[in-house]
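These notes concern the structure reproduced below.
The values are calculated or read from the model by the stated rules, or taken from the named source; none is laboratory data. None of the values given here were measured: they were computed from a predicted structure. In this analysis, Cβ positions are derived from the backbone assuming ideal geometry, glycine residues included, and neighbour counts consider all displayed protein chains.
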Amino acid sequence: MYGVKGERRLSIDELTLKVLKDNKKPMTTYEIAKKLGISWSTANIHCHKLKAEGRLVSKEEPARLGMGKRVLWWLGSEEDE
């Protein structure tokens, strides 16, 4: 899980961006939630917020199993630097 004891606590938005930058490849909402130790719905809300701000990009694709879809997230161009 991210966040180091004794340091300034990062917001969920900052942690989401850090996880995606460290991972260097697109991640699903579930993968982000698992890495941060938060619920899927919390990760989903923050990813959509960051997308609205232009900081994340997403792509929907069919889920591997069952019905539905999964969303892949990656950093927007200005966040890559």
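Filtered by the rule that a residue be among the hydroxyl-bearing types (Ser, Thr, Tyr) and free of Cβ contacts under 8 Å to residues at least 24 places away in the same chain, the range 27-67 gives Ser39, Ser41, Ser58.
Only one of the numbered conditions (1) out of contact with any Pro (no Cβ under 9 Å at 6 or more places or on another chain); (2) modelled with pLDDT of 90 or more is violated by Trp73, and that is (1).
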